[in-house]
Amino acid sequence: MRGTQVVKRFMLFVALVLLQAASLAAQQPGAPFYADKLNVMFYIGPDGAKHPVTTTADWQKRREHILANMQLVMGPLPGAAKKVPLDVQVVEQVDLPKATRKKILFSPEKGDRVPAYLFVPKGLKGRVPAMLCLHQTIAMGKGEPAGVNDRNDPYALELAERGYVTLAPDYPNFGDYKCDPYAMGYASATMKGIWNHIRAVDLLQSLPEVDPERIGAIGHSLGGHNAIFVAVFDPRIKAVVSSCGFNAFPKYYGGDLAGWSHRGYMPRIAQRYGKDPKRMPFDFTELVAALAPRAFFTNSPLHDSNFEKSGVDDCIRAAAPVYALFGARQNLAAVNPDCQHSFPPEIRRTAYRFLDRVFQHGPGAPAPSSRKKGTGSVARTGVAHTETSSPRCLSPVSADATIRGPSQKGTGTVAGGPVSRDTLSEATEPVPFCDCRVDVVARKE
């Protein structure tokens with residue numbers, strides 16, 4: 001009898017340990033560690049063996065690991081239970097020549113109010129695309145993309161003038177937004193930003209002027225990587241424009257990740273991973289790939305001292321086989337202007353025309369009801385691609401790729417090769433694409 005009781009107690013103890021382990025796992029999602037983050041074309045199975053990615057189903061397994069490993073660093077993504085009514089409040093309204101600008105507050109979660117600028121274009125006929133516009137590291141926050149006080153990089157205003165509904169929220173502790181993400185239970189300001197931006201997409205989808213199937217994100221610097229972060233977690237975002245927002249961690253200031261590890265980003269990078277790229281559970285090589293097959297455009301200047309260009313090239317090469325797997329190579333685009341850490345007006349125009357193509361928006365675009373699958377549209381299905389036509393792209397987009405097409409000498413790169421400023425200007429007006437073929441050869445594990 002005594003022996004039976006001991007066994008029962010032991011089994012109860014084991015059950016409790018297993019239950020606790022399951023609970024911890026739910027709180028801290030994990031996945032296999034991938035030492036090689038330049039090659040995303042394999043996944044590690046439950047047996048610990050490496051398996052090649054040859055189908056989109058295979059890729060979803062690797063993608064799930066990427067999201068889990070991001071949360072090891074950023075903290076867990078909140079669940080739907082965190083949501084509360086958005087309770088949008090308009091605190092100011094300004095009539096502009098082509099749009100109405102509203103200063104608003106909305107609730108991403110209980111006890112929190114996020115300030116933002118909302119632009120609604122004038123003269124709309126039917127629902128239009130919308131863009132989440134994320135600001136760079138600047139004290140005024142949302143005011144810069146909103147064009148307040150004639151600031152640089154007014155992409156929320158400029159896109160509204162092109163007929164997009166735009167929303168520019170403050171990131172924690174910028175502009176009018178004061179909050180302590182850590183006191184609110186977050187492991188990083190990055191994850192708090194992601195949650196706020198997911199709720200911002202909820203807000204955009206709730207507007208009667210917005211086509212809920214045509215939503216994108218754009219940002220420069222801080223906003224450039226925040227646009228990537230939220231889009232990786234939120235598939236409702238169908239296009240991403242990232243300006244000066246990322247490179248592979250080993251090439252970020254020579255592998256010194258101190259800039260990523262303070263309280264404005266992800267402290268665990270220092271606390272758990274020693275600011276060492278080799279120990280990091282994820283890298284931007286994986287995050288860009290995780291956006292596939294959705295449209296992705298990067299402005300990565302030749303002389304960006306924050307995000308050195310060859311590290312950006314590493315990310316584009318890593319992602320290219322995944323885009324090819326989905327038959328969406330033309331949805332991966334890059335420009336490399338001859339400048340420093342900036343988003344020049346001509347490059348912004350190039351990005352806007354990229355978005356116009358993806359969303360079939362602007363003069364001459366077909367009405368939403370006439371968009372059909374397989375015609376390069378994003379109508380109800382998300383991304384623009386055809387598998388039968390030659391890809392049209394802005395930059396080499398393949399790992400181990402052969403580029404066939406014009407290559408002209410100059411000071412920037414567009415459409416597969418260097419181009420002059422004159423050619424760059426021509427590329428941005430009126431069409432930012434030129435013909436080139438990209439043959440992708442995925443690395444073998």
| message | Regarding the stretch 135-155, can at least one residue be identified that is under 28 Å from A80 (Cα atoms), modelled with pLDDT of 95 or more and surrounded by fewer than 19 Cβ atoms within 10 Å (Cβ to Cβ)? | response | no
| field | Selected residue [over 30 Å from K125 (Cβ atoms), in a loop (DSSP other than H, G, I, E, B) and touching a residue at least 60 places away in the same chain (Cβ under 8 Å)] from M191, M184 | value | M184
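S206 - would you say it is out of contact with any Cys (no Cβ under 7 Å at 6 or more places or on another chain) and at pLDDT 95 or above?
Considered against the rule, which asks whether it is out of contact with any Cys (no Cβ under 7 Å at 6 or more places or on another chain) and at pLDDT 95 or above, S206 comes out as yes.
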| Does K309 fit the bill of being within 26 Å of K61 (Cβ to Cβ), in contact (Cβ under 8 Å) with a residue 24 or more places away in the chain and surrounded by fewer than 23 Cβ atoms within 10 Å (Cβ to Cβ)? | no
| Yes/no for N69 being polar (S, T, N, Q) and either at pLDDT below 95 or part of a loop (DSSP other than H, G, I, E, B) (or both) | no
| query | Do the conditions hold for V91, that is, is it among the β-branched types (V, I, T) and in contact with a strand residue (DSSP E or B) (Cβ under 8 Å, 6 or more places away or on another chain)? | reply | yes
| request: Kindly list, by first and then second residue, each pair from a residue in the stretch 151-180 that is under 18 Å from I215 (Cβ atoms) to a residue that is modelled with pLDDT of 95 or more and acidic (D, E), limited to pairs with Cβ atoms under 8 Å and residues at least 6 apart or on different chains. | output: R162/D356; V165/E209
| query | Does any residue of the stretch 97-111 turn out to be part of a strand (DSSP E or B), touching a helix residue (DSSP H, G or I) at 6+ places or on another chain (Cβ under 8 Å) and surrounded by fewer than 20 Cβ atoms within 10 Å (Cβ to Cβ)? | reply | no
| task | Those residues that are in contact with a helix residue (DSSP H, G or I) (Cβ under 8 Å, 6 or more places away or on another chain) and not aliphatic (A, V, I, L, M), I need them from the stretch 307-316; list them, please. | result | E308, S310, G311, D314, C315
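The values are calculated or read from the model by the stated rules, or taken from the named source; none is laboratory data. In this text, all values refer to a predicted model and were calculated from it rather than measured experimentally. Neighbour counts are summed over all protein chains in view; Cβ atoms, including those assigned to glycine, are modelled from backbone coordinates with ideal geometry.
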